[in-house]
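Data block below; observations after.
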Amino acid sequence: MLLHIPQVLAPQEISAMRQALDQADWTDGRETVGVQGAQVKRNEQLPDASPLREQLGQRILAALERNPLYFAAALPLRTVPPRFNRYQGGGEYGFHIDGSVMLTRAPDGRGQSIRSDVSCTLFLCEPDEYDGGELIISDTYGEHEVKLAAGDLVLYPSSSLHKVQPVTRGARLASFFWVQSMVRDDACRRLLFEMDTSLETLRATGADDAALVRLTGVYHNLLRRWAET
Ligand code: NI
């Protein structure tokens, strides 16, 4: 499932982040990929150990916690601390698939591995600030081109082949991260999402209470069957 989640960050949050990112020390994005990715990746990133990355990443995680649509779609169990990248001057990232298991530090400092089920990109620039930079996601239904407003997020299965088109004018700033979902299978996760959002609509439009209670039970019983925690 490919889903656009609008306005994850408010305009004031975005401008504060961009001010900080403008003064940050960026490094070559190839430092965080394997051999295959390094051949097609031309961008800059904030170093993983950067205190600014940590601080801005926390702000994004806090914003995600306030977002019910994100929760319904991702059903997050663990999240890789958000990273930040910048593409400019022809920078691009050719077709690749993200690593399947990421090693990170848990809050207690111990090493933790996170399986990437869901990939997320949070756009930090408006589309008219740069040319190119579309995120192209390729799945069984063809290629999807994504270039969203600042503060909006796209979520898609980490198993998808994807690329970022060359940025030929201006700069494209974004945050990106991966989620290990409670529900590993994308098709199951999608069914739960459809059911959850339909239940919301039924509740809001005054559907029969007893039927709603039973359907809500079905949602939770499916989640109970499929969730790994
Ligand atoms: Ni990627």
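The values are calculated or read from the model by the stated rules, or taken from the named source; none is laboratory data. Keep in mind that this is a model prediction, so the values were computed, not measured. Positions of Cβ are generated from backbone atoms using ideal geometry, with glycine treated the same way; all protein chains shown enter the neighbour counts. The protein model used for the area step is the full one, side chains on, heavy atoms only, and it has no ligands, DNA or RNA in it. Shrake-Rupley method; radii C 1.70, N 1.55, O 1.52, S 1.80 Å.
Miscellaneous remarks
- Of the strands (runs of 3 or more DSSP E) lying entirely inside the range 76-181, those containing at least 3 residues that are among the hydrophobic types (A, V, I, L, M, F, W, C) span 101-105, 118-123, 135-139, 153-157, 171-181.
- The criterion of being surrounded by 15 or more Cβ atoms within 10 Å (Cβ to Cβ) and acidic (Asp, Glu) holds for Asp186.
- Gln55 being more than 22 Å from Val101 (Cα to Cα) and open to solvent by 90 Å² or more (accessible area, probe 1.4 Å): yes
- Filtered residues of the range 34-49 (kept if in a loop (DSSP other than H, G, I, E, B) and either free of Cβ contacts under 8 Å to residues at least 24 places away in the same chain or farther than 19 Å from Arg172 by Cβ (or both)): Gly34, Gln39, Pro47, Asp48, Ala49
- The set of residues in the range 114-148 being farther than 19 Å from Leu161 by Cα and open to solvent by 40 Å² or more (accessible area, probe 1.4 Å) consists of Glu126, Pro127, Asp128, Glu129, Asp131.
- Residues (within 16 Å of the ligand (Cβ to nearest atom) and among the hydrophobic types (A, V, I, L, M, F, W, C)) located in the range 149-166: Leu153, Val154, Leu155, Leu161, Val164
- Contact annotation: residue pairs with Cβ atoms under 8 Å, 6 or more positions apart or on different chains, pairing a residue in the range 146-160 that is free of Cβ contacts under 8 Å to residues at least 40 places away in the same chain with a partner that is open to solvent by less than 10 Å² (accessible area, probe 1.4 Å) and outside any strand (DSSP E or B), are Lys147/Gly133.
- Test: residue in the range 34-48 that is open to solvent by 20 Å² or more (accessible area, probe 1.4 Å), more than 16 Å from the ligand (Cβ to nearest atom) and within 28 Å of Asp128 (Cα to Cα): yes
- Among residues of the range 58-93, those that are of a type in the set (D, E, K, R), surrounded by 14 or more Cβ atoms within 10 Å (Cβ to Cβ) and more than 16 Å from the ligand (Cβ to nearest atom), counted: 2
- Here Arg169 fulfils each of the conditions (1) more than 28 Å from Pro11 (Cα to Cα); (2) away from the ligand (no atom under 16 Å from the Cβ) apart from (1).
- Condition met for Thr27 (of a type outside the set (Lys, Arg) and crowded, with 16+ Cβ neighbours inside 10 Å): no
- For His96: the one exception among (1) within 16 Å of the ligand (Cβ to nearest atom); (2) closer than 22 Å to Ser50 by Cα: (2)
- Just one residue in the set Leu173, Leu199, Leu161 is open to solvent by less than 30 Å² (accessible area, probe 1.4 Å) and under 19 Å from the mean Cα position of the chain (by Cα); that residue is Leu173.
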